[in-house]
Amino acid sequence: NHSLFQHINRTYNYIGNRTLANLLSTKLNNANIIENQETIQELAPKITWRQRFAAHAIITNDKRENYEKIIDWSHSTTIPISKIYHVLCIIMPLMFIASLVVLYIKGSDYFQLTSTLFTLNLLIAFSLVKKIKKELISSDQIPSILSQYGQMLNMIENEKYNSSKLKAIQSQLILAQPVSESIKRLSVLYSNVQSVQNLMGAIIMNGVFLYHVSQLIKQKKKKNQHGPSIQAWLKIIGEVETMNSLANFAHNNPSFCFPDLNDNFNISFEQLGHPLIRQNKRICNDVAFHHKTM
């Protein structure tokens with residue numbers, strides 16, 4: 001409490017919080033410092049963009065527990081599903097719909113066929129219940145968190161940048177398909193699979209369409225494709241949140257300077273003061289240390 005970290009920190013995701021803490025406790029080389037200065041100077045006047053980005057982070061309501069669950073889930077081995085289920089997801093719903101048509105045309109004599117197909121679909125879905133539950137994380141917030149991650153990544157993808165660091169970050173996100181679309185698609189599929197917990201809805205949707213079986217297959221495919229990259233994508237969010245915090249600090253303190261760096265062990269400060277002391281009470285001094293060669 002009342003630390004420089006707390007004073008600067010405007011991150012709202014766990015990964016952003018950790019990234020800022022690591023930055024403040026890590027010694028950087030001059031090139032990295034200059035790169036960060038350029039990024040902060042570019043973001044500082046982008047007030048609307050920064051506030052929208054922070055708003056998505058606040059809505060995420062991300063906590064360490066949820067972050068770690070998402071990372072563990074993304075790295076976990078996907079449970080194999082027999083190709084037979086892929087075929088059944090196509091054939092069985094078509095057969096059930098065809099039986100409904102026949103029932104409508106021919107009458108109640110075909111009710112037994114329709115009810116049998118409905119029951120068979122439920123049995124097929126029930127045979128995968130354990131695999132479905134293993135693919136779910138014990139938190140109802142995961143779909144909304146992933147969705148907000150997608151919104152934040154989308155903002156990073158679609159903004160124009162001049163600084164080399166932000167351009168490099170953006171280049172990691174704009175692939176064959178934007179990363180934001182991939183993570184939002186994962187969010188939708190996860191939410192669809194999670195809806196199996198609604199018992200009455202699950203009975204109807206699986207009895208007719210084998211809905212959760214098909215959604216599990218689609219989620220498995222997307223998870224295999226993108227799961228290993230999720231941690232890297234969230235690291236990017238943490239990096240931008242960190243730069244956003246420092247840009248906010250720079251914007252709120254326009255009289256603070258961005259130091260010029262040198263490799264000569266020379267340090268000179270003009271009107272150096274403590275950032276945690278209010279301006280009207282802060283005592284500033286000029287200080288200089290110059291290295292002398294013997």
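The values are calculated or read from the model by the stated rules, or taken from the named source; none is laboratory data. This one's a predicted model, so the numbers in the text were calculated from it and none came from an experiment. Neighbour counts are summed over all protein chains in view; Cβ atoms, including those assigned to glycine, are modelled from backbone coordinates with ideal geometry. Ligands, DNA and RNA are stripped out before the accessible areas are found, and what is left, the full protein with its side chains, is counted by its heavy atoms. Shrake-Rupley method; radii C 1.70, N 1.55, O 1.52, S 1.80 Å.
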Original post:
Just wondering, is there one or more residues in the range 122-135 that are in a helix (DSSP H, G or I), more than 20 Å from residue 239 (Cβ to Cβ), open to solvent by less than 10 Å² (accessible area, probe 1.4 Å) and of a type outside the set (Gly, Ala, Ser)?
Top reply: yes
**OP:** Looking only at the range 236-253, decide whether some residue is free of Cβ contacts under 8 Å to residues at least 12 places away in the same chain and under 33 Å from the mean Cα position of the chain (by Cα).
**Re:** yes
Subject >> Identity of the residue in the range 24-75, open to solvent by less than 50 Å² (accessible area, probe 1.4 Å) and small (Gly, Ala, Ser), that ends up nearest to residue 229 (Cα to Cα) >> reply: 74
Subject >> the range 165-177 residues that are in contact (Cβ under 8 Å) with a residue 60 or more places away in the chain, paired with ones that are part of a loop (DSSP other than H, G, I, E, B) (beta carbon under 9 Å, 6 or more apart) >> reply: 166/159; 169/161
Subject >> Hits in the range 253-289 (condition: open to solvent by 70 Å² or more (accessible area, probe 1.4 Å) and not in a loop (DSSP other than H, G, I, E, B)) >> reply: 267, 268, 269, 270, 271, 272, 285, 286, 289
Subject >> Condition check for residue 207: in a helix (DSSP H, G or I) and open to solvent by less than 10 Å² (accessible area, probe 1.4 Å) >> reply: yes
Subject >> Qualifying positions in the range 76-89 - surrounded by 11 or more Cβ atoms within 10 Å (Cβ to Cβ) and not small (Gly, Ala, Ser) >> reply: 78, 79, 81, 85, 86, 88, 89
Subject >> Residue among 196, 179 that alone is within 15 Å of residue 156 (Cβ to Cβ), buried (at least 21 other Cβ atoms within 10 Å of the Cβ) and either under 13 Å from the mean Cα position of the chain (by Cα) or at pLDDT 90 or above (or both) >> reply: 179
Original post:
Of these, 39, 26, 48, 19, which one is hydroxyl-bearing (Ser, Thr, Tyr), more than 13 Å from residue 242 (Cα to Cα) and assigned to a helix (DSSP H, G or I)?
Top reply: 48
Original post:
Among (1) buried (at least 18 other Cβ atoms within 10 Å of the Cβ); (2) not in a loop (DSSP other than H, G, I, E, B), which single condition is residue 11 missing?
Top reply: (2)
Original post:
Got at least one residue in the range 228-237 being surrounded by fewer than 12 Cβ atoms within 10 Å (Cβ to Cβ) and modelled with pLDDT under 90?
Top reply: no
Original post:
residue 78 passes all but one of (1) farther than 30 Å from residue 165 by Cβ; (2) without any contact (Cβ under 8 Å) to a residue 12 or more places away in the chain; (3) assigned to a loop (DSSP other than H, G, I, E, B); which number fails?
Top reply: (2)
